[in-house]
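Data first, discussion second: the structure below is written as structure tokens.
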Amino acid sequence: MLVLLSAFMAALALPFLWKAADLQWGTKIAVAAGWIYALYPESVLLGGSAMREPYLWTFSAFALWGFVSLGAQLRSDSANKPYQLSNSKIIALIWLGLGITGMLLVQPVAALATLVILAGWAYFASGRGQISWWMILAFAILFIAGVFLLSSGLNRSGNLNGETPIGVLNSFLREAVKWDVYQLERGSGKVQRLFEQMPNWLRLPFVTGYGIFQPVLPAAFVEPTKLIWRIIAILRALGWYAMLPALILSFVAAAGEQEEKKRGVFIWLSFIVWGWILITALRGGGDQWDNPRYRAILFVWQAILAGNVWDWWRTSRNPWVMRVAAMEFVFLMVFSQWYASRYYYIGRQIPFIQMMEIILGLWALIFFWGLWRDRKRSV
């Protein structure tokens, strides 16, 4: 029963996502974002599981639709009655409030992230600073409520240090990162040896990078496991490695927008999504299940970014899309050889540090060659 309810909630988000994206940016981005949301393997997997993420996606889509609908109506109002309430505005506020309230009840941190996204969106879309006082007050009240709910939920046992809710959140994040680094080191002899070889300051960036690339696609193909888990791991990894170049290029696509307001919104959204990816990479570390699941909490916004990149690439045919894809191909090929030599003794196993030097060297070659080509064409 819970699985069916989760599947229903995951599916319910799709029409709201499509309507909001279509109203705000047009049909092309809406269709691309909708297909990405519907077909992304992590979305299908979690949508068919009794997990919290499908509920968060639906509430995110509710909030998105309410916010976009309200903004469209405010823009269409006459100059002398910009904030007069109408039935359609009340309905939009209900959807927005329902989405934020639902996230506060299911996972307050998702509500906080959404409020940050919408606050920045309102700032850029309004011409930078032309935001009404009641909107600022509403966001502030909801954000403070979310901070209190999250801190009280995390510190039910009273073990976390901190006299204020912000102090509790800071203590939780610090202790959680320490624990995840410890778990990653303890669970892998290879990681233990790598930690011994690298300076202390490099361990946290290593864990972050390790988390970003989870689930590792070559490992999904090579690591010994049961067939069903191999299939699931491969599909999840394929989905993430198809999404990753689009998220990387989201800044480039946003910077290329001609309309200033749209450019500001997409750059802001890219920063928040990548900030979330980095936090979840630290929080989830090398965990094959929780890391991608934490990252998928903001999947609705990731789908919008990827949809915008797809539309931008179809229009511009920017060569950096293929260059980023080439960088990812280099990463996958080198790592595939490393895993194959480790588990099946195919070829010589390159030391991990040397392997990373090879990858970074080839990435630098592709990057600077691309800059050279662009400069040569512009001359």
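The values are calculated or read from the model by the stated rules, or taken from the named source; none is laboratory data. Given the structure is predicted, the values throughout are model-derived calculations rather than measurements. As a convention, Cβ positions derive from the backbone with ideal geometry for all residues, glycine included, and neighbour counts pool all protein chains shown.
Would you call A233 crowded, with 17+ Cβ neighbours inside 10 Å and closer than 15 Å to W320 by Cβ? It is false that A233 is crowded, with 17+ Cβ neighbours inside 10 Å and closer than 15 Å to W320 by Cβ. Scanning segment 1-20 for residues that are more than 27 Å from R263 (Cα to Cα) and either part of a helix (DSSP H, G or I) or at pLDDT 95 or above (or both) gives L2, V3, L4, L5, S6, A7, F8, M9, A10, A11, L12. With the structure loaded, tell me whether S86 is under 17 Å from the mean Cα position of the chain (by Cα) and among the small types (G, A, S) or whether it fails that test. So S86 fails the test.
Applying the criterion of at least 2 residues that are small (G, A, S) and at pLDDT below 85 to the helices (runs of 4 or more DSSP H) found wholly in segment 279-347 leaves 320-343. For segment 205-238, residues that are part of a loop (DSSP other than H, G, I, E, B), polar (S, T, N, Q) and either touching a residue at least 12 places away in the same chain (Cβ under 8 Å) or more than 17 Å from A340 (Cβ to Cβ) (or both) total 1. Out of V300, V222, V309, V321, report the one residue that is closer than 16 Å to I29 by Cβ and over 11 Å from the mean Cα position of the chain (by Cα). Checking each option against the conditions leaves just V309.
Per this entry, V309 is counted among residues that are of a type outside the set (D, E, K, R) and within 21 Å of V324 (Cβ to Cβ). Inside segment 326-355, residues that are of a type in the set (G, A, S) and either loosely packed, with under 13 Cβ neighbours inside 10 Å or at positive phi (or both) make up a count of 1.
Using the structure shown, decide if L23 is assigned to a helix (DSSP H, G or I) and under 21 Å from S76 (Cα atoms). Criteria met by L23. Quick check: is even one residue across segment 315-322 surrounded by fewer than 17 Cβ atoms within 10 Å (Cβ to Cβ), in contact (Cβ under 8 Å) with a residue 12 or more places away in the chain and of a type in the set (G, A, S)? Yes, the conditions are met somewhere in segment 315-322. Name every residue in segment 12-37 that is within 14 Å of F59 (Cα to Cα) and exposed (fewer than 15 other Cβ atoms within 10 Å of the Cβ), in order of residue number. Residue satisfying the conditions is P15 alone.
In the set (1) modelled with pLDDT under 85; (2) over 20 Å from I297 (Cβ atoms), the condition left unmet by V177 is number (2). Scanning segment 347-368 for residues that are among the aromatic types (F, W, Y) and without any contact (Cβ under 8 Å) to a residue 12 or more places away in the chain yields a single hit, F368.
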